[in-house]
């Protein structure tokens, strides 16, 4: 038996609970709880793909975020609109060990033990590292409406 993808599991659970057919999704807090339980059970009985093991409390948190994620991103729930993040690039460098440690160092620098210049120096290193990371991971966004009609029809998603 093949496992269901997380995206399809969320879609099916929401449709089963809400009766959703088309257009913008409206879901109540009670319905969200029902969907969370369906997804939780699906992960526990291994009918939905999952890359790693979670404790029950971690899985409940994961399932809630998973549902929110697909409600925002799945065109079948958001009226066919391409998802655009509110703060693109806000997670830049979140996986970079040097940047993580620089931020950790800054957070430990109390105002009584360190001067403003000390904190500014560390912040300067943070700013430089963020800029380095940003230049290596730039993603172009395309305004398809500004393209010729032929290309819009061919490449617009």
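The values are calculated or read from the model by the stated rules, or taken from the named source; none is laboratory data. Just so it is clear, the model here is predicted, and its values are computed rather than measured. Virtual Cβ from ideal backbone geometry, glycine too; neighbours counted across all protein chains shown.
Just checking, does the stretch 43-57 include any residue being in contact with a helix residue (DSSP H, G or I) (Cβ under 7 Å, 6 or more places away or on another chain), in a helix (DSSP H, G or I) and within 16 Å of residue 12 (Cα to Cα)? Checked the stretch 43-57: at least one residue is in contact with a helix residue (DSSP H, G or I) (Cβ under 7 Å, 6 or more places away or on another chain), in a helix (DSSP H, G or I) and within 16 Å of residue 12 (Cα to Cα).
Here's the yes/no breakdown for (1) touching a residue at least 24 places away in the same chain (Cβ under 8 Å); (2) on the phi > 0 side of the Ramachandran plot; (3) surrounded by 10 or more Cβ atoms within 10 Å (Cβ to Cβ):
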position: 100; (1), (2), (3): no, no, yes
position: 111; (1), (2), (3): no, no, no
position: 117; (1), (2), (3): no, no, no
position: 133; (1), (2), (3): yes, no, yes
position: 142; (1), (2), (3): no, no, yes
position: 152; (1), (2), (3): no, no, yes
position: 156; (1), (2), (3): no, no, yes
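Listed by position, the helices (runs of 4 or more DSSP H) inside the stretch 63-157 whose residues that are assigned by TED's automatic domain parsing to the domain that holds residue 41, within 30 Å of residue 31 (Cα to Cα) and at pLDDT below 90 number at least 1 form an empty set. When 42, 19, 23 are checked against the criterion of being within 17 Å of residue 77 (Cα to Cα) and either touching a strand residue (DSSP E or B) at 6+ places or on another chain (Cβ under 8 Å) or in contact (Cβ under 8 Å) with a residue 40 or more places away in the chain (or both), a single residue qualifies: 23.
Counting only residues that are part of a loop (DSSP other than H, G, I, E, B) and closer than 19 Å to residue 51 by Cα, which one in the stretch 1-24 is modelled with the highest pLDDT? Here the residue is 5.
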